[in-house]
1. Classify the range 172-311: rounded, prolate or oblate, from the alpha-carbon gyration tensor (a ≥ b ≥ c, eigenvalue square roots; a/c under 1.5 rounded; otherwise prolate if a/b is larger than b/c)?
2. At what distance in nm do the modelled label points of Lys198 and Ala237 sit from each other, each positioned 7 Å from its Cα along Cα→Cβ?
3. List residues of the range 192-229, by number, whose backbone nitrogen lies under 15 Å from a label position 7 Å along Cα→C-beta of Asn258.
4. If each of Glu248 and Lys270 carries a label point 7 Å out from its Cα toward its Cβ, how far apart are those two points in nm?
5. Please list 174-180, 223-229 highest first by mean number of surrounding beta-carbon atoms within 10 Å per residue.
6. Taking amide hydrogens as modeled 1.01 Å from N in the peptide plane, which residues meet the under 5 Å criterion relative to Lys30, leaving out close sequence neighbours?
7. Run the quick spin-label model on Arg78 and Lys216: label points 7 Å from Cα toward the beta carbon, then report their separation in nm to one decimal.
Amino acid sequence: MKKLFVAVLAIAGLVACNNEPETIFNSSMKSVSLTIANSNEVTRAITDASAGADFECAAAADLTVLFADRAGKVIETRALTPENKAQDGTYTFHKLPETVQQVGVIALRGNATPATLAAAEAIWKTETIDAQVANIVVYGASGQMDQDGVCTVDGVNYPLFKGEVTVAPYHTRFEVLSFQCTDLGQNEYGYSKITLNKMTYGNQYEQALGKVLESKDAVATAGEGQAWSWNWAPEKAAANLVVDLTVEGKNYTVAIPNKTLTINGYLDTKGNKIDKFERGNIYKLNVPFLEANIDATEGMICVNVEVEIAKWVVNTITPTFGTNPTK
C-alpha cells in the first residue's frame with residue numbers, strides 16, 4: 001500500500017497546469033482527471049438527516065466512466081479504482097484517444113455498456129420505476145470540453161480541457177416516514193385502536209403498512225432508518241394518498257370498522273402548496289391526523305400534510321483533459 005501511494009504521488013508530480021498561453025504540441029493521447037467532490041465518494045439519498053439515517057445510491061466502485069468523442073460515441077470505458085486514485089480523491093486516466101471530447105459517468109446496474117452517451121442517458125431515464133435505492137442508476141455527462149489553459153508534462157506544454165459532471169438519480173422519491181393519530185383514545189366515544197392496513201398513491205402505487213396505533217403518543221414508522229417509499233420518473237402531478245384503516249371503538253362497537261384516511265394536499269415547510277413532484281427531489285411526509293379525519297359520520301375529511309423536500313445528495317465530478325507526451 002505504501003509503494004502504491006508513493007507511485008500515485010509521483011505521477012501527480014509530473015503534471016503542472018497553468019493558464020498562460022503556450023505552444024501546443026501535437027499528440028495522439030490525452031489524460032483525464034476526475035475529481036469527486038463528496039469526501040465519502042458516494043452518491044446518497046438522505047432519508048432522515050435528523051437521525052443520521054441514509055440510503056446509499058452508488059459508491060465510487062459502482063461507477064463506470066464513459067469516454068466519448070464529440071458526437072457522443074463511447075470510445076473507451078474505465079472504472080474508478082484505487083490504482084488510479086490520488087490522495088485528494090482525484091482519479092486520473094492516462095493514454096486515452098485524442099478524439100475523446102466528453103465524459104459520461106454511470107452506474108450500469110447490470111446493463112450492457114452503452115455505445116453512446118445518448119444510450120447511457122436512455123438507460124438512466126427509462127429505468128424501471130420503484131427501484132430499490134441501492135439499485136437506482138445514477139448518471140451524469142460533461143458535454144463538450146473547452147480548452148482551459150495548458151498542462152506541463154515532463155517539461156512539455158500540452159492543452160488542458162476542463163468540464164463538470166454531476167452524477168445523480170433521475171428519479172423522484174416519495175417517502176412516508178410516520179403516521180400518528182394525535183387524539184387517539186382521548187374522546188369518550190372515539191377510537192381505542194387504529195390498524196393501518198395499506199396505502200395507495202394515485203391509484204398506482206400500493207404498499208402494505210401493517211402497523212397499529214393504540215394511543216395519541218404512538219407513532220407508526222416503517223422501522224429505524226427506513227421509510228415507506230416509491231421512486232418514479234420526474235414531473236408527476238400531486239395525487240391523493242389513501243390509507244385504508246381498521247378501527248376499534250372506545251366503549252362501543254364500531255358498526256363499520258373499515259375506514260379511509262385521504263391525504264389530498266401537500267405543503268412544503270414554508271406552507272406553499274406542492275402541485276407536482278419534480279425529479280432530483282425527495283419528498284418526505286410525516287402524517288399526523290385526528291380521529292375526526294376518519295370518522296364516517298363526518299364524511300371524507302382530507303388532511304393537508306407538511307412535506308419536507310430534500311435534494312438527492314450528488315457527486316460533482318470535474319474532468320480535466322491534458323495530453324501525454326509522444327514517446
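1. prolate
2. If labels sit at Lys198 and Ala237, their model points lie 2.5 nm apart.
3. Only 195-200 fall inside the zone, counting backbone N under 15 Å.
4. About 4.6 nm separates the two model spin labels.
5. The densest-packed peptide leads the list: 174-180, 223-229.
6. Hits under the 5 Å cutoff: Lys95, Leu96, Glu98, Asn324.
7. 6.3 nm
Laboratory data are not the source of any read-out in this text; all were calculated from the coordinates shown. Computed from a predicted structure; not experimentally measured. Counting neighbours? That spans all protein chains shown, and the Cβs are built from the backbone with ideal geometry, glycine included.
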